[in-house]
Amino acid sequence: MVSALRASIKKTGSPFLRSAVSARLLSTASKQPTLKERLAELIPVAQEKVKAARHEHGKKSFGPVIVDQLYGGMRGLPALIGKARSWTRVSLHIIIVAFASDGFGDVEEGIRFRGKTIPEIQGQLPKAPGGSEPLPEGLFWLLVTGEIPTYEQVADLSKDWAARAAIPEFVEEVLDRCPPTLHPMSQFSLAVTALNHNSAFAKAYAEGVSKKEYWGPTFEDSMDLIAKLPNIAGRIYRNVYGRGKLPPIDAQKDYSHNLAALLGFGDNPAFVELMRLYITIHSDHEGGNTLPSYAAALNGLAGPLHGLANQEVLVWLTKMQAKIGEDASDEAVKEYVWSTLKGGQVVPGYGHAVLRKTDPRYVAQREFALKHLPNDKLFKLVGQIYNIVPGILLEAGKAKNPWPNVDAHSGALLTYYGLTEMQYYTVLFGVSRAFGVTAQLIWDRALGAPLERPKSYSTDAINKIFKGKN
Ligand SMILES: CC(C)(COP(=O)(O)OP(=O)(O)OC[C@H]1O[C@@H](n2cnc3c(N)ncnc32)[C@H](O)[C@@H]1OP(=O)(O)O)[C@@H](O)C(=O)NCCC(=O)NCCS
């Protein structure tokens, strides 16, 4: 393996490859490859594969388009109605779309991570000693390489992230100066945007890095971003809800343990387990330039019909409990659901733009609840609603998917452990989503994927083009 890496350095002359390889050479004796070393082996193979596929199939029809348009960032593909023909508008829209569809998802079978279902990853990924949920470090390794890591590789990743976890002092100050009334998601997006100050990609780009080497600094930015999120999320939580000072990161502990500790729940092993499951199942998706685009995508995630729905679900459940009581009858719940629909509102936590069955992430959280909090009143209400809402949505006849999504459950679990501040929930969703965004992004850079540019037409243009045509 080492000689293959040496040969590839000779061929590319890449300093990023070189640093990955020299790290590898230093640790050849017993150690398994680190994530970056494994990527340095996988990327040249994948680049050749894409080249060959485009050469062989590029001009072939695939539905209404040709295969090359899939690789070419949808350039020129008529796919949008343009309402304001400005670049900002279009590119922002694209970033938000990227965040709004389930990148690793499958309409019929539900979410899959590199082809594996949630129960499969729960079975196969390494776990913390004594734990039963997968470590999100392992999920990240799987998303990036397509391979199941060993426990040692995952433990090394925990240590690497702990070493990168500190955030610059000025970012701490930015957060500390935010009024507590500013929504936690807005604070989150501000802090991530500010992190761009130290971006390895921005620095390498300014220094004229070759396109072939983009993936190296993108990898470093991705690792830094993931590593710093617990400190950002923890600081926002403590500032907004007056929960005291942040403890330091513990380099001996895994990522979820550190996140839980920063939020003030480090002493509760079941909450730490919940964080491992939560981050793992909320992780998939994709994005653009690491930090600014991730920040833009966070703003997309903060929409009430998207990631903020997990906040909306809890608001809705709490209002329902206030109106019809804690142990309400099925009849009373049905009436409340109908009143929501008749008021022209959506039932939060139900329906999905892509999936057409019960979200497997809902199922995973339900199973966690059955194990850890089977008698909790809010969990029972969530279950009662599961038996009632799909029938009503079917009867109402509009929603294409009447089944619950991931957001229908997460708030009830967090509330049970005492994390009751609903406005904060989407911050945790955003922390998890960084895993999927960055895994995609590293490969976008490794394979030189273009910006996505589907072509937008105004309604006037549509009327002109299709006038008189069938
Ligand atoms: C997720 C969601 C935005 C998908 O939207 P979509 O792709 O347009 O969904 P559909 O094609 O099924 O929508 C068809 C119609 O059913 C309605 N519908 C879908 N889900 C609904 C719900 N949970 N409650 C009430 N009406 C719903 C839509 O608003 C739409 O109505 P319209 O024709 O008057 O515009 C939608 O299901 C929703 O608003 N769900 C509630 C919010 C939520 O849980 N979001 C988190 C998603 S992970």
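The requirement of being in a loop (DSSP other than H, G, I, E, B) and at pLDDT 90 or above is not satisfied by LYS380. Pairs meeting the criteria (first residue in the stretch 300-314 and closer than 11 Å to VAL406 by Cα, second residue near the ligand (Cβ under 8 Å from one of its atoms) and assigned to a helix (DSSP H, G or I), beta carbons under 8 Å, at least 6 apart or on different chains) are GLY307/ASP407; ALA309/ASP407; ASN310/ASP407; VAL313/ASP407; VAL313/ALA408.
Checked against (1) basic (Lys, Arg); (2) surrounded by fewer than 17 Cβ atoms within 10 Å (Cβ to Cβ); (3) away from the ligand (no atom under 16 Å from the Cβ), ARG445 meets all criteria but (2).
Looking only at residues in the stretch 393-417 that are over 25 Å from LEU263 (Cα atoms) and among the polar types (S, T, N, Q), the one that is farthest from the ligand (Cβ to nearest atom) is ASN401.
Condition (residue is polar (S, T, N, Q), within 17 Å of PHE271 (Cβ to Cβ) and in a helix (DSSP H, G or I)) applied to the stretch 387-396: is it met by at least one residue?
First, the residues of the stretch 387-396 that are polar (S, T, N, Q): 387.
Next, from what is left, pick out any that are within 17 Å of PHE271 (Cβ to Cβ): none.
Scanning the stretch 387-396, I find no residue that is polar (S, T, N, Q), within 17 Å of PHE271 (Cβ to Cβ) and in a helix (DSSP H, G or I), so the answer is no.
Being within 28 Å of ARG276 (Cα to Cα) and surrounded by 13 or more Cβ atoms within 10 Å (Cβ to Cβ) narrows it down to one residue among GLU421, GLU452; which is it? First the steps, then the outcome.
On the way: GLU452 fails: within 28 Å of ARG276 (Cα to Cα).
When all the criteria are applied, what remains is GLU421.
Specify which of the listed residues (ARG361, ARG366, ARG356) is within 12 Å of the ligand (Cβ to nearest atom), basic (Lys, Arg), within 20 Å of ARG276 (Cβ to Cβ) and touching a residue at least 40 places away in the same chain (Cβ under 8 Å). Going through ARG361, ARG366, ARG356 in turn, just one is within 12 Å of the ligand (Cβ to nearest atom), basic (Lys, Arg), within 20 Å of ARG276 (Cβ to Cβ) and touching a residue at least 40 places away in the same chain (Cβ under 8 Å): ARG361. If the condition is being farther than 17 Å from LYS380 by Cα and within 15 Å of the ligand (Cβ to nearest atom), then the stretch 318-347 contributes TRP338, SER339, THR340, LEU341, LYS342, GLY343, GLY344, GLN345, VAL346, VAL347.
Condition first: more than 30 Å from the chain's Cα centre (by Cα) and either at pLDDT below 90 or crowded, with 19+ Cβ neighbours inside 10 Å (or both). Now tell me which residues in the stretch 291-326 satisfy that.
Applying the first criterion (more than 30 Å from the chain's Cα centre (by Cα)) to the stretch 291-326 yields 321-326.
The answer is GLU326, and nothing else.
Do we find that TYR424 is touching a residue at least 12 places away in the same chain (Cβ under 8 Å), among the aromatic types (Phe, Trp, Tyr) and either within 16 Å of the ligand (Cβ to nearest atom) or not assigned by TED's automatic domain parsing to the domain that holds GLY234 (or both) in this structure? No.
Being surrounded by fewer than 23 Cβ atoms within 10 Å (Cβ to Cβ) and not β-branched (Val, Ile, Thr) is the filter; apply it to the stretch 144-157 and report the residue that is farthest from the chain's Cα centre (by Cα). Step through it out loud before you land on a result.
At the first step, the residues of the stretch 144-157 found to be surrounded by fewer than 23 Cβ atoms within 10 Å (Cβ to Cβ) are 145-148, 150-153, 155-156.
Then keep just the ones that are not β-branched (Val, Ile, Thr); that gives 146-147, 151-153, 155-156.
On the way: GLY146: 17, GLU147: 19, TYR151: 23, GLU152: 24, GLN153: 22, ALA155: 21, ASP156: 22 Å.
Filtering the stretch 144-157 for residues that are surrounded by fewer than 23 Cβ atoms within 10 Å (Cβ to Cβ) and not β-branched (Val, Ile, Thr), the one farthest from the chain's Cα centre (by Cα) comes out as GLU152.
Only one of TYR386, TYR350 is more than 11 Å from the ligand (Cβ to nearest atom) and buried (at least 18 other Cβ atoms within 10 Å of the Cβ). Can you tell me which? Spell out how you get there, then give the answer.
Working: TYR350 fails: more than 11 Å from the ligand (Cβ to nearest atom).
Only one candidate passes the filter, namely TYR386.
The sole residue among GLY418, GLY430 that is within 25 Å of ARG238 (Cβ to Cβ) and not in a helix (DSSP H, G or I) is GLY418.
Restricting GLY244, GLY343 to those that are assigned by TED's automatic domain parsing to the domain that holds SER199 and on the phi > 0 side of the Ramachandran plot reduces the list to GLY244.
Just so you know, in the stretch 329-347 the residues that are in a loop (DSSP other than H, G, I, E, B) and in contact (Cβ under 8 Å) with a residue 24 or more places away in the chain include one that is surrounded by the most Cβ atoms within 10 Å (Cβ to Cβ), and it is VAL347.
The values are calculated or read from the model by the stated rules, or taken from the named source; none is laboratory data. A quick note: this is a predicted structure, and the numbers were derived from the prediction, not measured. Ideal geometry is used to build each Cβ from the backbone, glycine not excepted, and the neighbour counts take in all protein chains shown.
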